[in-house]
1. Compute the Cα gyration tensor for the stretch B:106-361, then decide on rounded, prolate or oblate, letting a ≥ b ≥ c be the square roots of its eigenvalues: rounded whenever a/c is under 1.5, prolate when a/b is larger than b/c in the other cases, and oblate in all that remain.
2. Please give every one of the lysines within straight-line cross-link reach of B:Lys376, meaning a C-alpha to C-alpha distance under 17 Å, and leave out same-chain neighbours fewer than 8 residues apart.
3. Which one, B:Ala149, B:Gln172, A:Asn38, is farthest towards the positive end of the dipole of the protein assembly as shown when Lys and Arg carry +1 and Asp and Glu -1 on their Cβ?
4. I'd like to know which of B:Ala455, B:Ala432, B:Leu416 lies farthest towards the positive end of the charge dipole of the stretch B:379-473, counting +1 on Cβ of Lys and Arg and -1 on Cβ of Asp and Glu.
5. Mind giving me the FRET efficiency for B:Val283 and A:Ile137? R0 is 45 Å, r the Cβ-Cβ distance, nearest 0.05 is fine.
6. Provide B:Tyr220, B:Tyr234, B:Tyr406 in ascending order of the number of other Cβ atoms located within 10 Å of each residue's Cβ, fewest first.
7. What is the calculated FRET efficiency for B:Lys16 to A:Met1, with r their C-beta to C-beta distance and R₀ = 25 Å, to the nearest 0.05?
8. Looking at the stretch A:1-109, send over the antiparallel percent of its DSSP beta bridges, to the nearest 5.
Amino acid sequence: MIKVDPQAWQVMVAHAEAKFPNECCGAMIGRIDGDMKNVVSAEPMENAYAGAQGARYELRPEDLLEADRRARAAGLDLIGIFHSHPDCDAYFSKTDLENSCPWYSFVVLSIKGGKFDHANSFLPNAEQTAAEKEDLIWPKS
Amino acid sequence: MAKVLIPTPLRQYSEKQDSVELTGSTVGEVLGALTAKFPDMRKQLFNDEGKLRSFVNVYLNDEDIRYLKKDATPVAAADTLSIVPSIAGGSAGVAPPPLASLSNDEIMRYSRHLIMPEVGMEGQLKLKNASVLLVGTGGLGAPLGMYLAAAGIGRIGLVDFDVVDFTNLHRQIIHGTKDVGRKKLDSAADTIADINPNVKIEKYDTMLSSENALEICANYDLIIDGTDNFPTRYLVNDACVLLKKPNVYGSIFRFEGQATVFSYPGGPCYRCLYPEPPPPGLVPSCAEGGVLGILPGTIGLIQATEAIKLILGVGEPLVGRLVLYDALAMRFRELKLRRNPECPACGDHPTITKLIDYQEFCGIPHHEPPPAPGLKDGEIDPVEVKEMMDRGSPFLLLDVREPHEYLICSIPTSKLIPLGDLPKRVNELDTATEIVAHCKSGVRSAKAVDFLKQAGFKKVKNMKGGILAWSDKVDPKVPKY
């Protein structure tokens, strides 16, 4: 289960809505305690995908490395990646799966007509052939 | 000794250490030492062929080793190695990983599909992975919803804000007598779930509008228009053109219907056929003109057939052809339709780039002016008419409805002259006699009163609310229709 704190959630949704109709991406920083992951802060990152970004995103490894360093310095960990699906449901697409990594939670935010609609979290396997849905808790206003 | 930073998720394999000091003169040697020390980490980093997994990047200090000498990159004692995943993705227009198999129950259910090579397992999976939006769950939506559900469409969206009424039941077979008064959405969803519980139903309890149409339609592979008004037809058309989704169109009136597929790549859209809406009131709705109850069955199933064909990718789609159906002659005709390069929606230089105000476009005022309270000049309340009858006042009750309506119900002592016959039968009336005209709801009798006044009748009144109001206020035994 992954729980996102209100402040981090606000950053994620605002970033996703601001980048609409393009996809956004970023990192989630927090703590892992047994089965419970807690996101305490979110870091928006630049979508480095070279082509049209309406349905694609790419994270720069350097940015992730930097985020990981900052997290360590703060006594926290990089625990997840978020990205948005503009005018599309929050599923884990074939493209998502084939470019995923099994080490993190992947939170997908569905943004419809520029507004947040719903979200899901996924745990892909190492072979990039399947992703398991993970319980996601975000603050409901 | 070089330092290797261990990412959080891999620390479960490194005895919880966030960094490890290891010896080796190249990156390859250091990583070899790492997996020798922590064997369980090996399958996280390397695939079965011993190569680094596609999502694993290794950085020497701030440099990606791919741009150095890869595994052979030399490592000095003060260097730090980092393991960084490469991550990308995106909806990319790719549907979620398709459901790749049918359950045994589904195989049994769809067996008559599966044994046809044109459908087969591949086609049935296409249907299961397909999503269809039905705009309206009325006459056309009823057979559409039921047959598409039975055929195994995976996800069906329903848009309706209406409530089931007795007058719907002669054609809207997705709703039953027990459903009168329920929301059409709930009643339709129950019927669909009963026909095929494998269907995922998504309900939109709203009127499709410029504000929500793109958002709702974007979630579906194709849109089926089952509505009966012009603003929604143009709205569905424009939304489909903007979203590049097929719009399976059907329309019905009395004994005739039409069907085609709009907004298909290369094909025309509704605006190519009708660039402008008709003036309000020119084309009567089914409520005004009537409709043969089984007609929407025929047209709705032409739409359902086209939807299934588009999803399966078989046959010749009904694109660029408008099918005209005449139930009385039992004849189908076909008109050729072409995409208009000048079309404001789907033409070469479209001017409609977002949804507009479709009520205004169709000349319909946003809010009907509220009816004036009480009786207008020249109107009389049914209760007062009854009192005149009881008093024995001399007057003529003139029924201006059609003969077939008179057979449904009538008010005793009334004289029937249909509105259309009034000019040639006006000599049957006496200007000296007080006349009260009535029809079903008061609209046609108001026209009759206007006509009679122009013809020199001074003592004419319109019974407000027609025979429907008579049934409500005076005699509930008179049926409403």
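Here, each number is a calculation from the coordinates, and none is a lab measurement. These figures come from a predicted structure and were not determined experimentally. Neighbour counts are summed over all protein chains in view; Cβ atoms, including those assigned to glycine, are modelled from backbone coordinates with ideal geometry.
1. Rounded, since a/c falls under 1.5.
2. Excluding near neighbours in sequence, the set is B:Lys447, B:Lys453, B:Lys458, B:Lys459, B:Lys461, B:Lys464.
3. Farthest towards the positive end: B:Gln172.
4. Result: B:Ala455.
5. Once rounded, the FRET efficiency stands at 0.30.
6. Final ranking by Cβ density, sparse to dense: B:Tyr406, B:Tyr220, B:Tyr234.
7. That pair, B:Lys16 with A:Met1, gives E of 0.75.
8. 65
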